[in-house]
Amino acid sequence: MSLYTGPRCRLCRREGMKLFLKGERCYTKCSLEKRNYPPGMHGQTRPPKLKDYGLRFREKQKAKRIYWLTETQFRRYVDRAEKLPGRTGENLLILLERRLDSVVFRLGFASSRKHARQLVTHGHIMVNDKVVDIPNYEVEIGDVIRVKPDSPVVPMVKEEVAKKGGRCPSWLELDENKLEGRVVGLPEPGMIEVPLNEQLIVEFYSR
């Protein structure tokens, strides 16, 4: 199954919450605030009450859309998380946050995860002084992530970093002047700010 290519605001409306898929526009011109109901011809009718399966399915869909993954990609992460020691749900979120496109987003280099993925795939991001164009590249402690110095996106990235005031998670360090970030630790469950109930996702795949 390929990635969704339709209007991203429809995804937020379907989940009934902001998924911040369009960066700054989500704060200024969010269609969810104007049309706070699911998309489609029956969207404004009374929505059915979700039962156990529906609740778990919607949580899984929400996670896929936040991290912009296909079902096959997401399922691979769930399978990996199950094999790691500890709680599967927490392992899943940690694996997703360690993706290079997610780290680029967390460092403030991009306005959304989709935008971060474009920066990576177009060869604008370097890891340890080597261009890495694989969005699912998994960062390790000590890795240095930077914007390619001669890249034409440097002014745009500087603007994005300035908008966010240089804020990033505590497991990352950011040098705003060099547009360079360093992985100083691995993300822990309490550090990951995503509106997800990971246990429901685990239960969906365990049924």
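Considering only V103, H115, N177, the residue lying farthest towards the positive end of the dipole of segment 100-183 is H115, judged by Cα position with unit charges set on Cβ. Between the C-alpha center of segment 66-89 and that of segment 128-207 there is a gap of 18 Å. For segment 66-184, the pair-distance distribution built from all alpha carbon pairs, in bins 10 Å wide starting at 0, is 14, 47, 30, 9, 0 percent.
Computed from the coordinates by the stated procedures, all read-outs in this text should not be read as laboratory data. Because the structure is predicted, anything quoted here is derived from the model rather than measured. Here Cβ is always computed from backbone atoms with ideal geometry, including for glycine, and neighbour counts include all displayed protein chains.
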